[in-house]
1. Quick one: in the range 194-223, of everything that is β-branched (Val, Ile, Thr) and open to solvent by less than 20 Å² (accessible area, probe 1.4 Å), which residue is farthest from residue 131 (Cα to Cα)?
2. Would you point out which residue out of 138, 100, 124 is within 16 Å of residue 228 (Cα to Cα), of a type in the set (S, T, N, Q) and surrounded by fewer than 22 Cβ atoms within 10 Å (Cβ to Cβ)?
3. Within the range 36-47, does at least one residue satisfy the condition of being within 15 Å of residue 142 (Cβ to Cβ), modelled with pLDDT under 95 and among the hydrophobic types (A, V, I, L, M, F, W, C)?
4. Does the range 179-193 include one or more residues that are of a type in the set (D, E, K, R), open to solvent by less than 30 Å² (accessible area, probe 1.4 Å), touching a His at 6+ places or on another chain (Cβ under 6 Å) and not in a loop (DSSP other than H, G, I, E, B)?
5. Take the conditions modelled with pLDDT of 90 or more and more than 29 Å from residue 63 (Cα to Cα) and apply them to residue 121. Does it pass?
6. Within the range 57-75, work out how many residues are within 19 Å of the chain's Cα centre (by Cα) and either assigned to a helix (DSSP H, G or I) or among the small types (Gly, Ala, Ser) (or both).
7. Can you tell me which of 66, 116 is open to solvent by 10 Å² or more (accessible area, probe 1.4 Å) and out of contact with any Ser or Thr (no Cβ under 6 Å at 6 or more places or on another chain)?
Amino acid sequence: MPVPSRHPPPHVDTCARPPGIGHPAATVNGRRPGYGGRVGTYAAVVLAGGSARRMGGVDKPALPVGGRPMRDRVLAAVGDARPRVLVGPAEVVPAGVRVTREDPPGGGPVAAAAAGLALLDPDTALVALLAADLPLLTRAAIGELLTHLAPEGRPAATSEQPPDGACFADGDGRRQSLCGVWRVAALRAGLDRLAVDRGGNLAGAPVRALLAGLVVREVPWSGDGPPPWFDCDTDEDVRRAEEWAR
């Protein structure tokens with residue numbers, strides 16, 4: 001599930017969308033016109049290894065919303081990512097999706113992120129890091145995040161220091177860290193730092209520790225429809241998502 005940070009690290013670049021970027025709904029085939037030329041290709045790592053304790057330990061990402069498993073809906077939102085990696089147990093996945101497990105299984109989102117990043121090519125620059133229980137995530141929302149990351153080595157339109165990543169923030173300003181796009185190099189550096197700090201054991205590490213010190217652009221969502229970061233932690237959440245998905 002997305003892990004909100006109530007106390008963001010010192011380096012936070014909070015903004016609306018850059019100049020020249022219109023309403024999130026103004027997309028072509030789910031992509032904001034021109035974002036591919038600005039950021040190039042990206043990968044996606046979807047984290048599906050949670051225990052869903054508040055839902056009786058069920059395989060939460062496999063629960064259907066709108067007739068499709070939640071994890072498949074998330075994978076569809078990043079259908080143009082190469083590669084797409086699912087971290088967690090899964091017997092059947094969409095074509096082209098690679099599956100791996102965190103070490104140890106159930107070791108938490110940071111351990112899962114490490115397992116997913118390990119499958120990316122060394123030259124992969126950007127990755128969408130996403131929880132698997134975001135059934136309302138859309139391609140347009142991912143495109144909105146991607147527009148906030150200028151190519152490596154060039155300053156972003158609204159900041160002298162390019163951000164290391166962009167994620168949505170809810171109406172209360174809480175960061176939705178597992179609904180974001182990140183520079184792979186920054187995440188790998190964070191993982192290396194945490195591994196040293198924790199004696200090589202990433203199990204149980206919080207996402208906020210992985211992102212500590214990164215320059216994060218917090219993106220408000222003003223698009224049509226429900227918030228793309230809405231995650232399903234309870235049966236009631238699944239029912240609400242089902243209503244929105246109709």
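1. 215
2. On the way: 100 fails: within 16 Å of residue 228 (Cα to Cα); 124 fails: within 16 Å of residue 228 (Cα to Cα).
Matching residue, one of 138, 100, 124: 138.
3. Taking the range 36-47 as the starting set, the residues that turn out to be within 15 Å of residue 142 (Cβ to Cβ) are 36, 38-46.
With the extra rule that they be modelled with pLDDT under 95, the set shrinks to 36, 38-41.
Okay, now just the ones that are also among the hydrophobic types (A, V, I, L, M, F, W, C), so 39.
Checking the range 36-47: at least one residue is within 15 Å of residue 142 (Cβ to Cβ), modelled with pLDDT under 95 and among the hydrophobic types (A, V, I, L, M, F, W, C).
4. Restricting attention to the range 179-193, the residues satisfying the condition of being of a type in the set (D, E, K, R) are 183, 188, 192-193.
Right, trim to open to solvent by less than 30 Å² (accessible area, probe 1.4 Å) and you get 183.
If we keep only those that are touching a His at 6+ places or on another chain (Cβ under 6 Å) too, we end up with none.
No: the range 179-193 contains no residue that is of a type in the set (D, E, K, R), open to solvent by less than 30 Å² (accessible area, probe 1.4 Å), touching a His at 6+ places or on another chain (Cβ under 6 Å) and not in a loop (DSSP other than H, G, I, E, B).
5. yes
6. Adding up the residues that qualify gives 9.
7. Values: 116 fails: open to solvent by 10 Å² or more (accessible area, probe 1.4 Å).
Result of the check over 66, 116: 66.
The values are calculated or read from the model by the stated rules, or taken from the named source; none is laboratory data. This one's a predicted model, so the numbers in the text were calculated from it and none came from an experiment. Heads up, the Cβs are rebuilt from the backbone with ideal geometry, glycines too, and the neighbour counts pull from every protein chain shown. Please note that ligands, DNA and RNA were not included when accessible areas were found on the heavy atoms of the full protein model with its side chains. Shrake-Rupley method; radii C 1.70, N 1.55, O 1.52, S 1.80 Å.
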